[in-house]
Amino acid sequence: MKKNILVLALYFGCIISAFAQMNILFIESDDQSNQVVGAYGNSAMVTPNIDKLAHEGASFTAAYNMGCWSPAVCIPSRTMLMYGKYLWQSQQINKKNAPKSLPEKLHDNGYYTFITGKWHAMGKSVKTIFDETGSIQPGQLKTYNSPAGHITDITGKEAVNFLKNYNNSKPFFAYVAFNAPHVPRQTSQNYYDLYPAKDMILPPSVVDNTPLNKNVKYQYAPDPLRSKTMQQRVQQNNAMVTHMDARIGDIIQTLKNKGLYDNTIIVFTSDHGINFGENGVAGKVCLYEPSVTAPLIIKAPAAVPNSKISERVYLQDIAPTLFDLLKLETNEPTDFQSLEPLLSKKGHARSSIYLAMFDDQRGVISEDKKLIVYPKTGDLELYDLKNDPWETKNLINKKSLRPTISKLLKDLKTWQLKTADKTDLTATYNKYI
């Protein structure tokens, strides 16, 4: 009798355990900086649904994309996310040598995987690594206004329909990848009306009629930069995000209607940010904060509601974080680190952050000091991010900071070895170390 009771207990325990395994809703936007989220401090932004996620979860306010080898910065960012390899190792990934991707690893752990929206990662084709696919959008749209409707609405609707109709016994991983607010920034007039261009306040690092930054390639504006042009782009960008936020609201409401909201980990992030004139840059192929950081919000039982985590992390750290939060296992190694110790306040982030764009920009951040090196010109920039978050004062010639520069360069040298970065910085190292 006792044996039968034990068997029944184990049986029902397994059922309850399987039922209790949390679902994952992973929402990713494109080209969205921290400036375009109300909960990140921009009171002019109308993002009630993203803000509600931030209120119910933890927001990482200094989450970085490591860099790029392509002017389409989203490709390296998403490749690193999907395969868990640092920048230069990710550059080598192709269809033949690609390791197991995030959705494949989740599939191996009993998840049913789904994607709708943008796919712009190297390696395997999207249809081979997800169990189910909706409409797959390219990295660069010619227009958002398709015969079937606005692409933002299509992506949101397909996510809603997937959740409405989901009746699989497995937990799901739903990857909802919006193209917004990437160009072309097209939406309906009611969203533009929320942000009159003339009222758009630009950061102090945007100076009217300033020459384009000569150390940064792939600039997408006339030279010199005009504030009026940047205000118009900010208007369009903000409008696109508010449109997307409305569709995110639809998705979250569907989770609630299905009774799945409390049993779903929700991640909201972007692949990187973008500069609208800051430091003389109109684009995203630079190492300034608006471009290399992006929002990262996690709503999960382990996340303290309405908490802000300012330690510097990588956006791609979210993948091993999910495995830790869900207590899942994988034999596939990752270069990135779980954020669970930060969520539970039991650990700390890396001592430094490494940044790289092509072979012409390198950066490192430690203890709120940020060093940018331009190997081809020999120029260096040093910023105190705590006291000068908009990077308006280059401190590189301040003699008292020479030891700081030396330490940062030693950190950068260590990162070069760790990431197999072959860019030659010998001249700079010899000068300061």
Mind listing whichever residues of segment 265-293 are under 13 Å from the mean Cα position of the chain (by Cα), closer than 17 Å to Thr321 by Cα and in a strand (DSSP E or B)? Val267, Phe268, Thr269, Ser270
Write out, first by first residue and then by second, each pair whose Cβ atoms fall under 7 Å of each other, whose residues are 6+ apart or on separate chains, and whose first residue, in segment 194-220, is under 19 Å from Gly363 (Cβ atoms) while the second is among the β-branched types (Val, Ile, Thr) and outside any helix (DSSP H, G or I). Ser205/Thr392; Asn213/Val281; Asn215/Thr377; Val216/Val281; Val216/Val285; Lys217/Val285; Tyr218/Val285; Gln219/Val281
Would you please name the residue that is nearest to the chain's Cα centre (by Cα), looking only at residues in segment 201-213 that are closer than 15 Å to Val36 by Cα and open to solvent by 30 Å² or more (accessible area, probe 1.4 Å)? Leu202
Checking the structure you have, find out if any residue of segment 390-404 is on the phi < 0 side of the Ramachandran plot and within 26 Å of the chain's Cα centre (by Cα). yes
When the residues of segment 28-48 are narrowed to those that are more than 10 Å from the chain's Cα centre (by Cα) and farther than 17 Å from Phe276 by Cα, which ends up least open to solvent (accessible area, probe 1.4 Å)? Thr47
Tyr383 is checked against (1) more than 17 Å from Ser351 (Cβ to Cβ); (2) hydroxyl-bearing (Ser, Thr, Tyr); (3) open to solvent by 20 Å² or more (accessible area, probe 1.4 Å) and fails just one. What number does that condition carry? (3)
What number of residues in segment 309-325 are open to solvent by 20 Å² or more (accessible area, probe 1.4 Å) and farther than 16 Å from Thr269 by Cα? 3
Pair list, Cβ under 6 Å, 6 or more apart: segment 314-333 residue of a type in the set (Val, Ile, Thr), other residue open to solvent by 10 Å² or more (accessible area, probe 1.4 Å) and at pLDDT 95 or above: Thr321/Ser338; Thr321/Glu340; Thr330/Lys105
Selection status of Leu328, in a helix (DSSP H, G or I) and either of a type in the set (A, V, I, L, M, F, W, C) or crowded, with 23+ Cβ neighbours inside 10 Å (or both): no
Would you check if there is a residue in segment 140-155 being buried (at least 22 other Cβ atoms within 10 Å of the Cβ), modelled with pLDDT of 95 or more, more than 19 Å from Phe268 (Cα to Cα) and in contact with a helix residue (DSSP H, G or I) (Cβ under 8 Å, 6 or more places away or on another chain)? yes
Please specify each residue of segment 156-165 satisfying the condition of being open to solvent by 50 Å² or more (accessible area, probe 1.4 Å) and not charged (D, E, K, R). Asn161, Asn165
Being without any contact (Cβ under 8 Å) to a residue 40 or more places away in the chain and part of a loop (DSSP other than H, G, I, E, B) is the filter here, so list the residues in segment 140-165 that pass it. Pro147, Ala148
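Results for (1) closer than 30 Å to Arg362 by Cβ; (2) touching a Phe, Trp or Tyr at 6+ places or on another chain (Cβ under 9 Å), shown as yes or no for each residue.
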position: His243; (1), (2): no, yes
position: Gly259; (1), (2): no, no
position: Asn263; (1), (2): no, yes
position: Ile274; (1), (2): yes, no
position: Gly277; (1), (2): yes, no
position: Tyr314; (1), (2): yes, yes
position: Pro333; (1), (2): yes, no
position: Leu342; (1), (2): yes, yes
Which residue is nearest to Ile27 (Cα to Cα), if the candidates are limited to segment 76-98 and must be open to solvent by 30 Å² or more (accessible area, probe 1.4 Å) and not polar (S, T, N, Q)? Lys85
Going through segment 124-158 in order, the residues found to be under 13 Å from Ala174 (Cα atoms) and in contact with a Lys or Arg (Cβ under 6 Å, 6 or more places away or on another chain) are Thr133, Gly156
Does any residue of segment 235-247 turn out to be more than 18 Å from Ile50 (Cα to Cα) and assigned to a helix (DSSP H, G or I)? yes
Just for segment 166-200: of the residues that are part of a strand (DSSP E or B) and not β-branched (Val, Ile, Thr), which one is surrounded by the fewest Cβ atoms within 10 Å (Cβ to Cβ)? Phe172
Do we have Trp390 as touching a Ser or Thr at 6+ places or on another chain (Cβ under 9 Å) and closer than 20 Å to Val206 by Cα here? yes
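The values are calculated or read from the model by the stated rules, or taken from the named source; none is laboratory data. All figures in this text were calculated on a predicted structure; none of them were measured in a lab. Neighbour counts are summed over all protein chains in view; Cβ atoms, including those assigned to glycine, are modelled from backbone coordinates with ideal geometry. What goes into the accessible areas is simple: the full protein's heavy atoms, side chains included, and nothing from ligands, DNA or RNA. Shrake-Rupley method; radii C 1.70, N 1.55, O 1.52, S 1.80 Å.
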